[in-house]
Amino acid sequence: MLLEVKNLSVYYYTLSGVVKGAENVSFSLEEGEWITFVGESGSGKSTVAQAVMNLVPSPGRIVSGEVLFRGRDLVKMKPEELRSIRGKEITMVFQDPMTSLDPLRKVGDQIVEAMVVHGVPEDEARERAKDLFEKVNLPADRLDYYPHQLSGGQRQRVSIAIAMAFNPKLLIADEPTTALDVIVQDAIMDLLDNMKSEGTTIYFVTHDISLAAERSDRIAVMYAGKLVELGTVEQIVESPLHPYTKALLEAVPDLWKEGEVKAIPGYPPDLRNPPRGCRFHPRCPLARAGVCDSEEPELREVEKGHLVACHFPGGWKE
Ligand code: SF4
Ligand code: MG
């Protein structure tokens with residue numbers, strides 16, 4: 001087991017109240033797999049990804065739970081220990097590479113520095129930077145460019161090159177292709193696939209379930225701060241059990257060839273005051289009064305490897 005997340009909860013202490021960004025999220029990752037977390041914005045998918053690196057931005061805080069990376073709890077780890085793991089064993093790429101790149105420094109110097117901080121001699125880092133650029137299909141002369149001289153897709157290649165520097169055990173990629181056009185998006189996905197084939201576990205985050213279905217081994221569906229369904233791509237796409245997962249799939253034109261594309265009615269709830277019982281009940285076509293609006297469904301395994309948090313998985317059985 002590479003990563004085991006147990007009962008992870010993250011709250012944001014805002015002026016207008018406590019936002020329960022993620023609650024009691026548990027899952028584990030096997031070495032070498034590709035898992036994708038999917039959900040609408042505000043579902044908690046980015047929050048959980050940040051918490052896995054113990055990098056929740058203020059005013060957020062991990063209020064409970066464990067994140068066991070190769071058996072060691074990142075939540076309890078000292079900052080210097082965390083720094084030795086981040087950027088080396090666990091790396092991250094974001095939707096906007098400008099958030100992690102320094103606009104005032106050449107990208108080559110930044111990639112070299114990322115290695116030097118982990119003890120690589122500078123000469124060697126310069127050599128490795130060239131190889132890494134080759135791996136992400138960037139010409140070597142781009143090492144001397146500043147971030148603003150590169151396109152969005154090239155900048156994302158730079159952040160992937162930095163993420164690849166140490167052959168990480170785990171890559172967390174939060175919507176890395178969302179800002180890019182489809183062709184560039186595909187090329188970036190290929191780079192992540194290459195990392196996977198070299199042994200890196202891919203933890204991908206997207207709002208787009210069709211993108212999730214494309215390359216993943218497993219899909220985790222989040223709604224309103226809760227993990228509501230988890231399974232293999234086949235289980236999730238071909239036999240989804242949670243009404244929210246079904247709704248996400250029905251909102252995609254291509255996956256659901258027959259039948260019309262349906263938007264999900266209503267809005268995600270206010271996480272300062274989430275609905276009682278099942279958080280999806282105000283939007284759920286199957287909600288039953290007296291059950292769904294009062295009892296919270298637990299995430300449970302209904303077939304091998306397929307977990308769902310719903311009182312009526314797959315629909316009512318009379
Ligand atoms: Fe819908 Fe009830 Fe299942 Fe929640 S528990 S998803 S409200 S059927
Ligand atoms: Mg996000």
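A few points about this structure:
- Yes/no for residue 275 being part of a loop (DSSP other than H, G, I, E, B) and either within 11 Å of ligand 1 (Cβ to nearest atom) or acidic (Asp, Glu) (or both): yes
- Inter-residue pairs, beta-carbon under 6 Å, first farther than 17 Å from residue 162 by Cβ and in the stretch 183-195, second β-branched (Val, Ile, Thr) and surrounded by 18 or more Cβ atoms within 10 Å (Cβ to Cβ), 6+ apart: 185/177
- Any chance residue 126 is over 26 Å from residue 5 (Cα atoms) and surrounded by 12 or more Cβ atoms within 10 Å (Cβ to Cβ): yes
- Residue 202 vs. criteria within 18 Å of residue 88 (Cα to Cα), assigned to a strand (DSSP E or B) and in contact with an Asp or Glu (Cβ under 8 Å, 6 or more places away or on another chain): yes
- Qualifying residues in the stretch 207-224 (those that are closer than 23 Å to residue 52 by Cα and modelled with pLDDT under 95) - the one nearest to ligand 1 (Cβ to nearest atom): 209
- Out of 191, 180, 227, one residue alone is within 16 Å of ligand 1 (Cβ to nearest atom) and of a type in the set (A, V, I, L, M). It is 227.
- Close pairs (6 angstrom Cβ cut-off, 6 or more residues apart or separate chains): of a type in the set (A, V, I, L, M) in the stretch 46-69, assigned to a helix (DSSP H, G or I) and within 14 Å of ligand 2 (Cβ to nearest atom) anywhere: 56/50; 62/51; 67/52
- Verdict on residue 93 being surrounded by 13 or more Cβ atoms within 10 Å (Cβ to Cβ), in contact (Cβ under 8 Å) with a residue 12 or more places away in the chain and more than 21 Å from residue 2 (Cα to Cα): no
- Residue 308 being surrounded by 18 or more Cβ atoms within 10 Å (Cβ to Cβ) and of a type in the set (Val, Ile, Thr): yes
- Filter pass, residue 69 being in contact with a strand residue (DSSP E or B) (Cβ under 8 Å, 6 or more places away or on another chain) and within 22 Å of residue 176 (Cα to Cα): no
- Scanning the stretch 162-184 for residues that are surrounded by 17 or more Cβ atoms within 10 Å (Cβ to Cβ) and β-branched (Val, Ile, Thr) gives 162, 172, 177, 184.
- Residues of the stretch 96-107 include at least one that is within 16 Å of ligand 2 (Cβ to nearest atom), outside any helix (DSSP H, G or I) and surrounded by fewer than 21 Cβ atoms within 10 Å (Cβ to Cβ).
- Failed condition for residue 268, given (1) under 25 Å from the mean Cα position of the chain (by Cα); (2) away from ligand 2 (no atom under 16 Å from the Cβ); (3) not aromatic (Phe, Trp, Tyr): (2)
- Residues being modelled with pLDDT of 95 or more and either buried (at least 22 other Cβ atoms within 10 Å of the Cβ) or among the small types (Gly, Ala, Ser) (or both) - total across the stretch 141-154: 0
The values are calculated or read from the model by the stated rules, or taken from the named source; none is laboratory data. Since the model is a prediction, treat every value here as computed from it, not as a measurement. When we count neighbours, we look across all protein chains shown, and the Cβ atoms used for this are built from the backbone with ideal geometry, even at glycine.
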